[in-house]
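Okay, structure first, notes after.
The values are calculated or read from the model by the stated rules, or taken from the named source; none is laboratory data. Please read these numbers as outputs of a predicted model, since none were measured by experiment. Heads up, the Cβs are rebuilt from the backbone with ideal geometry, glycines too, and the neighbour counts pull from every protein chain shown. We work out accessible area using only protein heavy atoms, side chains counted, and drop any ligands, DNA or RNA first. Shrake-Rupley method; radii C 1.70, N 1.55, O 1.52, S 1.80 Å.
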Amino acid sequence: MELSDFLSSPYPLSRPPMIGCNGAVATSQPLAAQAGMTMLQKGGNAVDAAIALTVVEPTSNGIGSDAFALVWADSQLHGMNASGRAPAGLTIHVCREAGHEEMPDLGWLPVTVPGAVSSWAEVHGRFGRLPFAALFAPAIHLAEHGFPVSPVVARFWRAAARSYRKASLPELDTWFATFTNEGKTPRVGEIVRLPDHATTLRKIAASGGRSFYEGELAELIDAHARSTGGVLRGEDFAAHRCDWVDPISTNYRGFDVWEIPPNGQGITALMALNILDGFDLSGPVETGTSWHLQIEALKLAFADALAYVADPDHADVPARGMLDKTYAASRRALIGEGASDPVPGDPPRGGTVYLCTADGEGQMVSFIQSNYAGFGSGVVVPGTGIALQNRGANFSLVPEHPNALAPGKRPYHTIIPGFLSRDGEAIGPFGVMGGFMQPQGHVQVIVRTIDQLLHPQATLDAPRWRWDSGRKVAVEPRTPLAIIEGLTARGHDIRIEAEPSAFGRGQIIWKIGNALVAASETRADGQALVC
């Protein structure tokens, strides 16, 4: 794999990429990176390092999260879907009766069964090396003895508190009792202790995760739901399973780009890359033409994803047709000189923390775990520290839609781990967290890596764009004026957005020769470590 000089970049660098050969960890929080590195230094592998990363970024992920993983082991890629299903008692009628025309973001209704804990146990059971209980020691120590809150996490914490106060739902009271001090969120550098987290993690560690789905923790969640109006039950937890899945891919200019199949939205990135494969994006790193083509390709891919992606156990998802190269050519033909308003096509039938780790023996992990919107639903189970995700917010309440809410069904899922390989050899894991920004971030990472030959840190430092809807596109303040003017002239409705996290937060580890090259997002508190 050829990249640009590692000391050169078209963007101001805050740090160089990290280079090692015995292991690498890249996360959006330094203490999490150090926890993962501790596992590697104790003789653990990449899977052990990935599972060790929790607690210190509760504003984005936690024990009540969902998770997906891509694991490179034994010279092949393995996919894990640990997204949860809707409770048996949650129906479109229940939501309508509660007065909702669309799925709400907060409270009990958007809560599906959290799958993260099952992913830890399942992935470790198949590929881990250290004892399962040992992986939680750093997180338990930090939760019990305290950790200083980093700047980006502190900002997200304040934002969550404002959102939950506005919602004024009684089931959110436990969140304030657990995550604030008399209603105040922690300041940057303030030491935060989460003793309930420590207690819960000990129970998970001791039981191999079973207590979360069949034991005491499941019973506590059931009791809290019954007492505060939730429909989630212990039976829903007992019925949960995570699934090993075959990753999906497309070949982009000789490289294989891999994603988890639906119900995840990773297929969106692959469809966009199929469309872009017919354009020449080499040459100058940032041009209005390049950005225009990428935006238009993403629009078309999203139009299809939002129309067809759903739980394949409950809907006919034409994944093979959506990735068909001939179909991509027909979609490519729709891209002209000006901005368009995307509509779904008719594909042929057939056939938001992100982290990555690698060890010196060739194992690599692309792992993403998320509560979805900040702390998630705002529902916290008393005495446990478990903040429940709100993944069900992505269900449709239109009965005819493939992604319509139904009991036992998984929703359209935004979190997506990515992986890159070539000719059957691993290059490495990558990801950009951030809701519907994620496939857009994946496309921008791949274009800057493969077409523009940027090294991992430069790839993450580059200014990003985000398509929102119709012709609306958000760009970062440091976007070159010539690009903004060029996109505007093509009919794009450009808005400059100041919030860095709105453009995702990414991590990358590439294997280049015998070296591991790691980079971490400058839009977060992230850190890449190597050994």
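Tabulated data for the structure shown
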{"item": "Count of residues meeting criterion [polar (S, T, N, Q) and either assigned to a loop (DSSP other than H, G, I, E, B) or surrounded by 20 or more Cβ atoms within 10 Å (Cβ to Cβ) (or both)] in the range 211-228", "result": "1"}
{"item": "Residue in the range 349-369 that is of a type outside the set (D, E, K, R), farther than 24 Å from M80 by Cβ, over 17 Å from the mean Cα position of the chain (by Cα) and in a loop (DSSP other than H, G, I, E, B) present", "result": "yes"}
{"item": "Scan of the range 374-394 for residues that are open to solvent by 10 Å² or more (accessible area, probe 1.4 Å) and within 23 Å of A307 (Cβ to Cβ), ordered by number", "result": "A393, N394"}
{"item": "Sole residue being assigned to a strand (DSSP E or B) and either open to solvent by less than 30 Å² (accessible area, probe 1.4 Å) or among the basic types (K, R) (or both), chosen from A67, A50", "result": "A67"}
{"item": "Where a residue in the range 480-503 is closer than 30 Å to S28 by Cβ and its partner, wherever it lies, is assigned to a helix (DSSP H, G or I) and open to solvent by less than 80 Å² (accessible area, probe 1.4 Å), with Cβ under 6 Å and at least six apart", "result": "I483/G288; I483/W291; L487/G288; I494/I484; I494/L487; I494/T488"}
{"item": "Sole residue being closer than 30 Å to E219 by Cα and assigned to a strand (DSSP E or B), chosen from A387, A373", "result": "A387"}
{"item": "Which listed residue, of L487, L460, L481, L454, is over 17 Å from G266 (Cα atoms), more than 24 Å from the chain's Cα centre (by Cα) and open to solvent by less than 10 Å² (accessible area, probe 1.4 Å)", "result": "L487"}
{"item": "Filter pass, G345 being out of contact with any Ser or Thr (no Cβ under 6 Å at 6 or more places or on another chain), at pLDDT below 95 and surrounded by fewer than 22 Cβ atoms within 10 Å (Cβ to Cβ)", "result": "yes"}
{"item": "Qualifying residue in the range 244-255 (condition: farther than 30 Å from A458 by Cβ and either hydrophobic (A, V, I, L, M, F, W, C) or buried (at least 18 other Cβ atoms within 10 Å of the Cβ) (or both))", "result": "yes"}
{"item": "Considering residues of the range 297-320 that are under 23 Å from K472 (Cα atoms) and in contact with a strand residue (DSSP E or B) (Cβ under 9 Å, 6 or more places away or on another chain) only, the residue surrounded by the fewest Cβ atoms within 10 Å (Cβ to Cβ)", "result": "F302"}
{"item": "Segments classed as helices (runs of 4 or more DSSP H), wholly inside the range 438-529, with at least 1 members that are among the acidic types (D, E) and on the phi < 0 side of the Ramachandran plot", "result": "456-461, 481-489"}
{"item": "Any hit, the range 422-433, residues being at pLDDT below 95 and surrounded by fewer than 23 Cβ atoms within 10 Å (Cβ to Cβ)", "result": "no"}
{"item": "Qualifying position, being closer than 24 Å to G234 by Cα and among the hydroxyl-bearing types (S, T, Y), among T27, T112, T38", "result": "T112"}
{"item": "Pairs where the first residue, in the range 131-155, is farther than 24 Å from G208 by Cα and the second is open to solvent by 20 Å² or more (accessible area, probe 1.4 Å) and among the small types (G, A, S), C-beta under 7 Å, 6+ apart", "result": "P148/G189; V149/G189; V152/S501"}
{"item": "Filter result (more than 30 Å from T38 (Cα to Cα) and either open to solvent by 60 Å² or more (accessible area, probe 1.4 Å) or of a type in the set (A, V, I, L, M, F, W, C) (or both)) within the range 142-171", "result": "R158, A159, A160, A161, R162, R165, K166, A167, S168, L169, P170"}
{"item": "The range 518-530 residues that are modelled with pLDDT under 90, paired with ones that are outside any loop (DSSP other than H, G, I, E, B) and of a type in the set (D, E) (beta carbon under 7 Å, 6 or more apart)", "result": "T522/D461"}
{"item": "Cβ-Cβ under 7 Å pairs, at least 6 apart or on other chains, the range 15-33 side surrounded by fewer than 24 Cβ atoms within 10 Å (Cβ to Cβ), far side among the aromatic types (F, W, Y)", "result": "P16/F6; L31/F147"}
{"item": "Residue in the range 145-157 that is modelled with pLDDT of 95 or more, touching a helix residue (DSSP H, G or I) at 6+ places or on another chain (Cβ under 8 Å), of a type outside the set (S, T, N, Q) and part of a loop (DSSP other than H, G, I, E, B) present", "result": "no"}
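Conditions (1) part of a strand (DSSP E or B); (2) open to solvent by 20 Å² or more (accessible area, probe 1.4 Å); (3) out of contact with any Lys or Arg (no Cβ under 7 Å at 6 or more places or on another chain); (4) under 30 Å from A218 (Cβ atoms), marked per residue:
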site: G230; (1), (2), (3), (4): no, no, yes, yes
site: E235; (1), (2), (3), (4): no, yes, yes, yes
site: W258; (1), (2), (3), (4): yes, yes, yes, no
site: I267; (1), (2), (3), (4): no, no, yes, no
site: E286; (1), (2), (3), (4): no, yes, yes, no
